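Readers should treat all values here as calculations from the given coordinates under stated rules, not as data from a laboratory. Source: prediction; values computed, not measured. Here Cβ is always computed from backbone atoms with ideal geometry, including for glycine, and neighbour counts include all displayed protein chains.
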Amino acid sequence: MLDGMSTAVAPSTRWRARARMIAEAATTPLVPGDFLDLFAPLRSGAELRGRVVSVHPETADAATLVIRPGADWGGHVPGQYVRIGVDVDGVRCWRAYSLTHGPRTDGRISITVKAVPDGHVSPYLVRHTKPGTLLHLEQAAGEFVLPTPSSVESRETTKLLFITAGSGITPVIGMLRNLYPSTDSGVLRPARSAAYDIVVLHVAPSEPDSIFTADLRRLEASGAIRLVARYDDQHGVLDLADLDALVPDLGERTTFACGPGGLLDAIVAHHEERGLPLFTEQFKVSTVVAGEGGSVTFERAGRTVECDGGRPILEQAEEAGVLMPSGCRMGICYTCVLPLREGAVRDLRTGDLTTAIAGETPAGGVPIQTCINAAAGPCQIDH
Amino acid sequence: MTTIQKKATIGQANPIAHLSPEDIELIGKELDAIRASVIDTRGERDARYIRRVIKTQRSLELGSRVVLLASLFPPAWLVGTAGLAVSKILENMEIGHNVLHGQWDWMRDPKIHSTTWDWDHITPPDQWQHSHNELHHTYTNVVGKDNDLGYGIMRVDEDQPWHPMHLGQPLWNFLNALFFEYGIAAYDLELRGELRKGKRHTEKFKNDAKAVLRKLRKQVAKDYVVHPLLSGPSFLPTMLANFTANTIRNLWSHSVIMCGHFPEGVETFETRSIEGETKPQWYLRQMLGSANISGSKLMHIMTGNLSHQIEHHLFPDLPSNRYGEIAPKVKALFERYDLAYCARPLPLQVYSAWHKVIRLSLPNGWLDTTNARNLPVQLKRLYEMTTGSPKVRRALQARLVQEQRRALAPAA
């Protein structure tokens, strides 16, 4: 019986496996994919990549990149981010950017990048990316996503407040564009979006430098959202004590805040005090406490790097030529995690110390995020 | 302290006698500055270069292997074999050797990195990296420490006593050239020493040997089984094409590599001379222990830029496309400090290296003192030295050296 089944099912898979074995034997030490990449870098089965289709300037220092992702792109939920690997001056750099379109019918995705004045990757993406450029991608990730009304049992409207500062607007724009698609004939308000009541409190240094202001204004004009824009040069720096005045029904809303660490810390404190629901996403690491520094040994790579205590281990190891896993570089995606077998590291954001003692900590080591931890003494890392 | 305590052999003067310790320090500083000038400007242009070479090589390999599927047809055989030979040379020399040196690690591309790369070669990358990057590049041309110098099977310096066994070294060298890929694997494995030791092998050797066999099986299966089978009726011609391409690659890389450290005029050093060696002194040893091949841009690419052997040995981890750019500066430095920058076209360097192999396969002074007239006498002497006792050999050797000295004296 079993034999009968296997002859009925197996031939095609068996032939495929055999064909792959032959292809591998014919291309060793490379793999067949290395040759296929010459012709079809976006094919299914390839390492995930994307090709830049077009670049649209948003402000003087920001641009939206529309990207055709490889065949294996698994889609995304608005509000999620994607990690992008781009070669800047020949050096592969990975950064996370929010996806700024809801799922599109043409299958393309987009990110909006603001050139940070002393940044390394963002100015390159904004000013030097040309259509046709191949980028490396990872699947969309992130928990900072729109709560779906279907998950809410009651049929009441979902009342939300988005507080966005600077580039923190990008994941929110992704969510809003998905809810209220923008077309030539204006902003659409599909039935699925009727359950949302949204206020956007957008904070930026000044109006001309702020990305997506046109989008926000269009959304407000159509009645889809209520926009409260606060520009430092016009309204002064935002004081959270004014929040009740700006958003009178604050107590009924769930807040999604995205922006730099300082503002988020203040919002967290404010909301905790009032017992209000809050989701946050941090866009920049702010260094609080430096580590002491020390020599970090990467056991399998056979390399030792002298690391100072003020900068992440990841950065300094990369500069020394060690091939490191990396992702968002701000402590949120956990791609850079490596086991610390022995030694101590300090979290640059909080000052927290993580230690591993040979023989006491589990043999596998203590997993640490190398992108936000600095050496606090000599370290042995299993990598 | 003198840096290089190379004993002055007959007809040779100490090449650095005129340099003061301060000069050597200054040479080191200048070389550090040249290195920094490349590191500071490494970028997109270089990344584009290596990616283009890799793309070209892969397209050429794929194209050649496809053409060889019809290798029963002689023009297809010729075109396919030539293409595959060029592709294999590029893969080993300009790509494999240099990627495995870590020249492209700075790009942080996990696919083009010294820790992830594998090449079309019998030797597993990590074993080659140990014997080549660590031993050969550290102990360059130190007799007894740098096994690349004659691969442990040849006499490479007059200071090594001559033995009748050395008469065979031109033949060993030629066989090594033909099967270079296998020779390198055996050498990286330190197979000879291990066999000599007898049956008790270390755990490390056993693992290394397993890795080599695994790699060898895959390489042989690809070139001599899978590709020929895919060629159907062209099975045998394809197999022969692959063998020819491998042999051409072997002969070519052996020739290029022999040119790097073996031509006449390149210095060898004693173990004693590198004790307590400083970085500038190490630089100096690389300068005197390497030789370049002059030629066109294509020649440089096909040699994996090992034609810039001097520059490569000074800065083994700089991107290979930059060696040619810094070569004029390095050459100017040699000239300013009155050092010999050994560079000749390929045929001359190959001739020179082979001449040295043959000269050293014979007793010291034999080739210099032999001419058409005294050939019978000299041959008789060589026969006596070969068959005689060590005592006879020593006596005859002393006479040869004496005659050589006398022959050279009037010229001096």
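Going by Cα centres, segment B:75-123 and segment A:34-67 are how many Å apart? Centre-to-centre (Cα) distance: 27 Å. A DSSP coil position with no more than 13 other Cβ atoms inside 10 Å describes the following trypsin sites (Lys or Arg not before Pro) in segment B:298-394: B:373. Cross-linked pairs B:145/B:210; B:329/B:356; B:331/B:356; B:55/B:88: Cα-Cα separations exceed 19 Å for B:145/B:210; B:329/B:356; B:331/B:356.
Determine the dipole magnitude for the protein assembly as shown: charges of +1 sit on the beta-carbon of Lys and Arg, -1 on that of Asp and Glu, nothing else is charged, the reference point is the Cα centre, and the result goes in debye to the nearest 20.
Values: 86 positive and 87 negative charges, 826 e Å.
About 3960 debye.
With the cut-off at 1.5 for a/c, could you classify segment A:1-136 from its C-alpha gyration tensor as rounded, prolate or oblate? Prolate is the answer for segment A:1-136, as a/c is 1.5 or above and a/b outweighs b/c.
Dipole of segment A:195-334, Cα-centred, from +1 at each Lys and Arg C-beta and -1 at each Asp and Glu C-beta, to the nearest 20 debye? Walk me through the numbers before you get to the answer.
Details: 11 positive and 23 negative charges, 86 e Å.
Its charge dipole is roughly 420 debye.
Among the DSSP helices (H) of chain B, those spanning at least 15 angstrom by Cα along their long axis with an average Kyte-Doolittle hydropathy of 0.5 or more are B:74-90; this is a geometric and hydropathy rule only. Here each label is just a point 7 Å from Cα along the line to Cβ, and for residue A:36 and residue B:126 those points are 2.9 nm apart. Based on DSSP H runs of at least 4 residues, each adding -39500 (n - 2.57), what is the mean residue ellipticity at 222 nm of chain B after dividing by all its residues, to the nearest 500 deg cm²/dmol? Per the formula, -17500 deg cm²/dmol.
Farthest toward the positive end of the dipole of segment B:123-261, out of B:229, B:137, B:253, is the Cα of B:229, where the dipole comes from beta carbon charges about the Cα centre. Fewest-first ordering of B:22, B:311, A:24 by other beta carbons within 10 Å of each residue's beta carbon gives B:22, A:24, B:311. Summarising the label geometry, the points placed 7 Å from Cα in the beta-carbon direction at residue B:394 and residue B:351 lie 3.9 nm from one another.
Rounded if a/c is under 1.5, else prolate if a/b is larger than b/c, else oblate: which is the protein assembly as shown, with a ≥ b ≥ c the root eigenvalues of its Cα gyration tensor? The shape class here is prolate. What the Cβ-Cβ distance of residue A:130 and residue A:194 gives, at R0 = 51 Å and to the nearest 0.05, is a FRET efficiency of 0.80. Within the shell of other residues whose beta carbon sits under 13 angstrom from the beta carbon of residue A:374, the net charge comes to -3, with Lys and Arg scored +1 and Asp and Glu -1.
Taking a straight line from the alpha carbon of residue A:130, these lysines sit under 19 Å away, with near neighbours fewer than eight places off in the same chain left out: A:114.
Applying 1/(1 + (r/R0)^6) with r as the Cβ-Cβ distance of residue B:383 and residue B:336 and R0 = 41 angstrom yields a FRET efficiency of 0.25. Ordering A:275, A:243, A:77 by the projection of their Cα atoms onto the charge dipole of chain A, which places +1 on the Cβ of Lys and Arg and -1 on the Cβ of Asp and Glu, puts A:77 at the extreme positive end.
FRET efficiency for the residue A:54 to residue A:120 pair, using the beta carbon distance and R₀ = 35 Å, is estimated at 0.90. Take the alpha carbon gyration tensor of chain A, find the square roots of its eigenvalues, order them as a ≥ b ≥ c, and report rounded if a/c is under 1.5; if not, report prolate when a/b exceeds b/c, else oblate. The shape class here is oblate.
All other residues whose Cβ lies under 15 angstrom from that of residue A:319 are scored, Lys and Arg at +1 and Asp and Glu at -1, for a net of -2.
Centroid-to-centroid, using Cα positions, segment B:294-351 and segment A:68-146 are 43 Å apart.
Assuming charge only on the beta carbon of Lys and Arg (+1) and of Asp and Glu (-1), the dipole of segment A:161-278 about its Cα centre is about 580 debye to the nearest 20. Measuring between their Cα centroids, segment A:159-192 and segment A:309-370 lie 36 Å from each other.
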